[in-house]
Amino acid sequence: MPGTVHLETNETATPTAMPPRRVPVAIKQTLKNELARLETRQIITKVIEPTDWVSSLVVVHKSNGKNRICIDPQHLNTALKRGHYPLPVIDDILSHISNVKVFSKADCKDGFLQCELDTESSYLTNFQTHWGRYRYNRMPFGISPAPEIFQQKLDQNLEGFDGVFIIADDILITGRGDTLDDANRDHDANLSEFMQR
């Protein structure tokens, strides 16, 4: 997404450096490969200089069988300021979709990673591994303000669309009309506009 994200910390917060967590031998090579893949894609960068904040690494097993690398920023999260941007729920859009006949759902792949961090914020996201420290160049999963920041950026980027609704990383594209053919045409126009944006 266009622009960068700046994370703000409470000035009175004391930086914390956490040690690396144990990683089961069975996933060590997979983890090392994933770190290399993320580094190649410039999602993370190796860090060699001293840093104030260092979080632990967490490997989350996803329902699709893959592992997701997250940081456990428990101490950082207590220091991060949140924007308190409203997060919509399905009840917020139900009244707007009462006469909708056609639906499509788009899912933002690795949604938070679509938001680039500015350099200062990137150094807050350092994490420790058995192969050294890394920092995120993009907004990582696990930091407390991430859902609100991501929702706000999506809202800004998809502003002005009729028939498009956003809930977390899911985007609902709808079609209305007196007939199913009318609804399909409306849906296809909305989808086309969404894809062009």
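Annotations for the structure displayed:
- The phi torsions of segment 170-178, fed into the Karplus equation with coefficients 6.51, -1.76 and 1.60 and a -60° offset, translate into couplings of 9, 10, 9, 10, 10, x, 10, x, 5 Hz, rounded to whole numbers, with Gly and Pro shown as x.
- Summing charges over all other residues whose Cβ lies under 14 Å from the Cβ of Leu180, with Lys and Arg as +1 and Asp and Glu as -1, gives -2.
- Residue-normalised accessible area of segment 46-92, given per residue in Å² at a 1.4 Å probe: 63 Å²
- Extending 7 Å from the Cα toward the beta-carbon at both Ile27 and Arg197 defines two label points whose distance is 3.6 nm.
- The lysines whose alpha-carbon is closer than 21 Å to the alpha-carbon of Lys46, local same-chain residues fewer than 8 away aside, are Lys28, Lys32.
- Fraction of alpha-carbon pairs over 19 Å apart in the chain - percent: 65 percent
- Short-range pairs are left out: with C-alpha atoms under 8 Å and at least six residues apart, the relative contact order of the chain is 27 percent.
- With the charge dipole of the chain set up from +1 on Lys and Arg Cβ and -1 on Asp and Glu Cβ about the Cα centre, the Cα lying farthest toward the positive end among the listed residues Gln114, Ile27, Tyr136 is that of Ile27.
- FRET efficiency for the pair Ala13 and Glu148, taken as 1/(1 + (r/R0)^6) with r the Cβ-Cβ distance and R0 = 25 Å, rounds to 0.85.
- Here the extension length gained between Phe103 and Arg37 equals 20.3 nm, from 0.36 nm per residue of separation less the Cα-Cα distance.
- Based on C-alpha pairs under 8 angstrom that are at least 6 apart in sequence, segment 117-197 has a relative contact order of 17 percent.
- Of all accessible heavy-atom area on segment 150-189, the percent that carbon and sulfur account for (1.4 Å): 43 percent
- Simple label model, 7 Å out from Cα along Cβ direction - His61 to Ala168, nm: 2.1 nm
The values are calculated or read from the model by the stated rules, or taken from the named source; none is laboratory data. Note that the structure is predicted; figures quoted are calculated from it, not measured. FYI the Cβ positions are ideal-geometry reconstructions off the backbone, even for glycines, and counts take in every protein chain you see. These area figures cover heavy atoms from the full protein model, side chains too; ligands, DNA and RNA do not enter into them. Shrake-Rupley method; radii C 1.70, N 1.55, O 1.52, S 1.80 Å.
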